[in-house]
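Each value in this text was obtained by applying a stated rule to the coordinates, not by laboratory testing. All values derive from a computational prediction rather than experimental measurement. Neighbour counts are summed over all protein chains in view; Cβ atoms, including those assigned to glycine, are modelled from backbone coordinates with ideal geometry.
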Amino acid sequence: MGLTLYNKKRNFEETTEPTGKVKKSVSKLVFVVQRHKASQLHYDFRLELDGVLKSWAVPKGPSMNPKDKRLAMMVEDHPYDYKDFEGTIPEGNYGAGIIEIWDKGTYSDVENSPRDEAEKKLRVGLKSGDFKIRLFGKKLQGEFVLVKLKGKDDNSWLLIKHRDEYAVDEEYNSEEQTKEDSPINKWLSENKKPSKKKNSQNQ
Ligand code: MN
């Protein structure tokens with residue numbers, strides 16, 4: 001896919017997002033999950049492959065419960081440097097809003113093969129629409145799969161946790177796992193819609 005679309009969508013004189021350059025990690029492949037308050041609050045799930053971050057927007061956020069099948073819409077590749085991006089995208093720009101890192105770490109194929117072999121397997125998995133991965137994050141750990149939905153438009157996938165020692169059975173809500181100093185939480189609490197309760201004094 002490359003970074004042409006990424007660069008085309010953005011005005012780098014206005015946004016502080018990194019410009020699109022292909023670049024690779026030195027040892028382990030990296031992943032990042034960003035929480036993004038744009039017109040809709042969602043999560044962006046990104047996996048390094050071939051010098052870019054393959055990217056999916058996950059409206060409900062990832063889950064550690066294997067029963068959850070989280071819709072993941074594939075979006076344009078993002079540059080490797082995006083793994084560190086946090087900040088505010090000014091109004092009027094693509095993806096305007098706030099981005100904060102929710103989880104990051106390294107990842108591999110499920111067998112945790114050496115880098116070259118892992119990348120080969122990952123390319124095949126991604127292409128086949130049955131993309132099995134192993135995450136080494138702080139919140140997200142163990143095996144996951146991204147499954148491409150057939151018969152839907154080309155961009156729809158499901159993100160599912162595989163049953164392993166890291167999987168949980170209780171309800172999992174990524175919104176309960178946000179960091180204490182979250183700029184998005186701050187924004188949300190300051191911009192609560194006024195409650196629709198009737199004011200009894202005026203009646
Ligand atoms: Mn996003």
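Which entries in the list Lys83/Lys193; Lys67/Lys132; Lys139/Lys161 go over 20 Å, if you measure between the two C-alpha atoms of each?
Values: Lys83/Lys193 32 Å; Lys67/Lys132 16 Å; Lys139/Lys161 12 Å.
The answer is Lys83/Lys193.
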Within straight cross-link reach of Lys9, meaning Cα distance under 12 Å, which aspartates and glutamates are found once same-chain residues fewer than 8 apart are removed? Glu17, Glu76, Asp77
To make sure I understand the rule: partners must be aspartates and glutamates, Cα under 19 Å from the Cα of Lys150, and not fewer than 8 residues away in the same chain. Which ones qualify? Asp68, Asp130
I'd like to know which of Ile184, His42, Thr15 lies farthest towards the positive end of the charge dipole of the chain, counting +1 on Cβ of Lys and Arg and -1 on Cβ of Asp and Glu. His42
For the pairs Lys54/Lys148; Lys104/Lys148; Lys37/Lys192; Lys8/Lys121, flag any whose C-alpha to C-alpha distance is greater than 19 Å. Lys104/Lys148; Lys8/Lys121
Determine by what factor the alpha-carbon radius of gyration of region 9-100 differs from 2.2 N^0.38 Å, reporting the quotient. 1.09
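For the chain, go through all pairs of different Cα atoms, get the mean of 1/r, take its inverse, and jot down that Kirkwood value in Å. Show your work: numbers first, answer last.
Values: mean 1/r = 0.0555 Å⁻¹.
It works out to 18.0 Å.
Full extension from Glu117 to Met1: what is 0.36 nm times the residue separation minus their Cα-Cα distance, to one decimal in nm?
Details: separation 116, 0.36 × 116 = 41.76 nm, distance 2.14 nm.
Taking 0.36 nm per residue and subtracting the Cα distance, the gain is 39.6 nm.
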As a test of the formula, what do you get for the chain when each DSSP H run with n ≥ 4 contributes -39,500 (n - 2.57) and the sum is divided by the residue count, at 222 nm and rounded to the nearest 500 deg cm²/dmol? -4000 deg cm²/dmol
Return the single residue from Lys161, Lys179, Lys54 with maximal mean-square fluctuation; model: Gaussian network over the chain, springs between Cα atoms under 10 Å. Lys179
Could you rank the peptides 136-142, 181-187, 32-38, 165-171 by their average count of other C-beta atoms within 10 Å per residue, with the highest value first? 32-38, 136-142, 181-187, 165-171
Rg/Rh ratio calculated on Cα atoms of region 78-191 (Kirkwood radius): 1.01
